[in-house]
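K.L.:
Let me give you the structure first, and then I'll get to my questions.
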């Protein structure tokens, strides 16, 4: 069976950045499973997997526009350090939820300069070219329940959250 919309796909993958460092990978014996055609993984990887079959191996390079987007300068802001009251040791890399007009968004402290703190609401992989090594492990028809939900109840690995060796705490969904 080939990968097509409305199929459940299981893949083993390794994700590297342009420097060749492993960002994320599926755990041994635990492939990432997702519902094809429902936006459960980044668009560039999903389209590259279309029409592939069990056992196929592929190398996929995904540009930022088809992954987590380009860096949006509007999501990088300087705020007064006083907005972090109650935090004893504010450090670069700390993560918080920022309240915005569009609702809460996760932000990371990217710079501290005296009384000014730079926070970044971009996805940790925004602006990066992603390099996937993928092996198709299984393909099956989705159940009616899976189609109605538009996703699987299983969450594992990159683009599904929480894979092994994840620098960013899992890639998350786009």
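K.L.:
How big is D for region 53-138, in µm² s⁻¹ as a whole number, if Stokes-Einstein is applied with the Kirkwood radius of its Cα pairs at 25 °C and 0.890 mPa s? Kindly include the intermediate steps, with their values, before the conclusion.
P.N.:
Numbers: Rh = 15.3 Å.
The Stokes-Einstein estimate is 161 µm²/s.
K.L.:
Given R₀ = 25 Å, what would the calculated FRET efficiency be for residue 89 paired with residue 118, taking r from the Cβ atoms and rounding to 0.05?
P.N.:
0.90
K.L.:
Moving on. Could you identify which residue out of 79, 134, 62 has the top mean-square fluctuation in a GNM of the chain using Cα springs shorter than 10 Å?
P.N.:
The residue that fluctuates most here is 79.
K.L.:
While we're here: Taking 8 Å as the Cα distance limit and 6 or more residues as the minimum spacing, I'd like the relative contact order of the chain as a percentage.
P.N.:
Normalised by residue count, the contact order of the chain is 36 percent.
K.L.:
A further question on this structure: Looking at (1) 18.2, 59; (2) 15.7, 46; (3) 14.9, 46, which value of Rg and Dmax of the Cα atoms in Å comes from a calculation on the structure shown?
P.N.:
So the structure-derived entry is (1).
K.L.:
What FRET efficiency comes out for residue 72 versus residue 2 if R0 is 25 angstrom and r is the Cβ-Cβ distance? Round to the nearest 0.05. Display every interim value, and only then the final one.
P.N.:
Numbers: r = 36 Å, r/R0 = 1.43.
Approximately 0.10, to the nearest 0.05.
K.L.:
Evaluate the distance, in nm, between pseudo-label points positioned 7 Å from the Cα of residue 82 and of residue 140 along their respective Cα→Cβ axes.
P.N.:
5.9 nm
K.L.:
Take 1, 94 and order them by how many other Cβ atoms sit within 10 Å, fewest up front.
P.N.:
1, 94
K.L.:
For region 73-120, build the convex hull from the C-alpha positions and give me its volume per residue in Å³.
P.N.:
It comes to 76 Å³ per residue, whole-number rounded.
K.L.:
Shifting gears a bit: Do the sum for the chain: with -39,500 (n - 2.57) for every DSSP H run of n ≥ 4, divided by all residues, what is the mean residue ellipticity at 222 nm, to the nearest 500 deg cm²/dmol?
P.N.:
Details: 2 runs with 13 residues, N = 174.
For the chain, the value works out to -2000 deg cm²/dmol.
Values quoted throughout were computed directly from the atomic coordinates according to the rules given, and no laboratory measurement underlies them. Keep in mind that what you see is a predicted model, and the values were worked out from it rather than measured. Because the Cβ atoms are built from the backbone with ideal geometry, glycine has one as well, and the counts that use them run over all protein chains shown.
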